[in-house]
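Reading through the structure tokens given below for one structure.
The values are calculated or read from the model by the stated rules, or taken from the named source; none is laboratory data. Predicted model only: the values in this text are computed from it and were never measured. All Cβ positions, glycine included, derive from the backbone under ideal geometry; neighbour counts span all protein chains shown.
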């Protein structure tokens, strides 16, 4: 749900960001790779972290520190890919400094001067717009929405057979309260002409991209007939603060319910198109099989038997955050089991917990509802009655009736993983 936000809140943000003149937000330490400071190296772990090998919750990289960020788990530094550690998901909103990072091209902006930056709305429109940050904040009504942002490849390390791409654990996701202006308001101000079909988005990042694909710019599009257009916002605020540079300063697109591939960072160009967008990042990258759950086999892919379509909404998911299995639990001690759940198809209405690996299920208590696109916390109390190993499990159901399955999924992009999550814990004698 989009909620209007008072001008007073926006004015405070405006004063913070604009001040008496130009604002320059820079990441000078991002330029050389040597500037990335490793603060904690973890021990080498087995190469396979898949679902049948007692998987690690997060990926297996080292912790690094970047500007405006707490120590995060590094997958790559060119482009920057950083995963959020498990403990930051105990609350419904992910701190900005702990929010995961995923760029597609290696030339990301290190600094943006608001005295020079403009957002351009162009293409098949009656009146092209050139908007400053002040224009966005003063000429358009501010709205806020709580929305989960999840990388399409979140949990890719669970796939078998393994697939190329960043081997994310479960931490390529985050939830924030985003504030900005409705995309529809910008399009209405520009006047979309008859014959328009899609809206294309482009940010400031540049790079080589895959060889021979013409992919030096990261371009994504949404159909004008897609209902999400009405809920999409151009956000300048994240959890009550300006966006961190690594999460898209000065503005980013927020596309509620859809995977983060559509959430263009450092957004600078909005173009109304008259023809379908066939650039590499739409026609080839981030495509899934047109099958139930996006599931297929390597054989069918190799033989060309699968129709591929652009990825869309996020399937329903839930996670156990604590206990994490790192220590024994005393027998007969009441344990609070806590986690999060979300879905791109509608609000989570039920979370179920199992202490026997998924044979018996009981309803968990849901936390506050911040809207249909937000993380929703859940918790339950469990009292182990014997010593030994237990396998805890969790599954969620959304308002459209979608429930997590207990089967994995396979596709060549490593997308759409939402199998029921399990956590091994050990209970020791209390006397």
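A few comments on the model shown:
- Residue 318 being crowded, with 17+ Cβ neighbours inside 10 Å and either more than 24 Å from residue 222 (Cα to Cα) or without any contact (Cβ under 8 Å) to a residue 12 or more places away in the chain (or both): yes
- Here the condition is being assigned to a strand (DSSP E or B), in the same structural domain as residue 252 (by TED's automatic domain parsing), under 23 Å from residue 206 (Cα atoms) and over 24 Å from the mean Cα position of the chain (by Cα); of 130, 76, it holds for 130 alone.
- Breaking point among (1) farther than 22 Å from residue 148 by Cα; (2) not in a strand (DSSP E or B), for residue 373: (1)
- Residues in region 146-197 that are under 23 Å from the mean Cα position of the chain (by Cα) and assigned to a helix (DSSP H, G or I): 156, 157, 158, 183, 184.
- Scanning region 384-430 for residues that are without any contact (Cβ under 8 Å) to a residue 40 or more places away in the chain and surrounded by fewer than 16 Cβ atoms within 10 Å (Cβ to Cβ) turns up 388, 389, 391, 401, 407.
- Qualifying residue in region 223-230 (condition: modelled with pLDDT of 95 or more, under 19 Å from the mean Cα position of the chain (by Cα) and surrounded by fewer than 20 Cβ atoms within 10 Å (Cβ to Cβ)): yes
- Those residues of region 198-213 which are assigned to a loop (DSSP other than H, G, I, E, B), out of contact with any helix residue (DSSP H, G or I) (no Cβ under 6 Å at 6 or more places or on another chain) and touching a residue at least 12 places away in the same chain (Cβ under 8 Å), in sequence order: 207, 208, 209, 210
- Among the residues listed as 67, 92, 109, the single one being assigned to a loop (DSSP other than H, G, I, E, B) and under 19 Å from residue 178 (Cβ atoms): 92
This table checks each residue for (1) modelled with pLDDT of 95 or more; (2) assigned to a strand (DSSP E or B); (3) farther than 30 Å from residue 238 by Cα; (4) within 26 Å of the chain's Cα centre (by Cα).
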position: 272; (1), (2), (3), (4): yes, yes, no, yes
position: 282; (1), (2), (3), (4): yes, no, no, yes
position: 285; (1), (2), (3), (4): yes, no, no, yes
position: 296; (1), (2), (3), (4): yes, no, yes, yes
position: 300; (1), (2), (3), (4): yes, no, yes, no
position: 306; (1), (2), (3), (4): yes, no, yes, no
position: 309; (1), (2), (3), (4): yes, yes, yes, yes
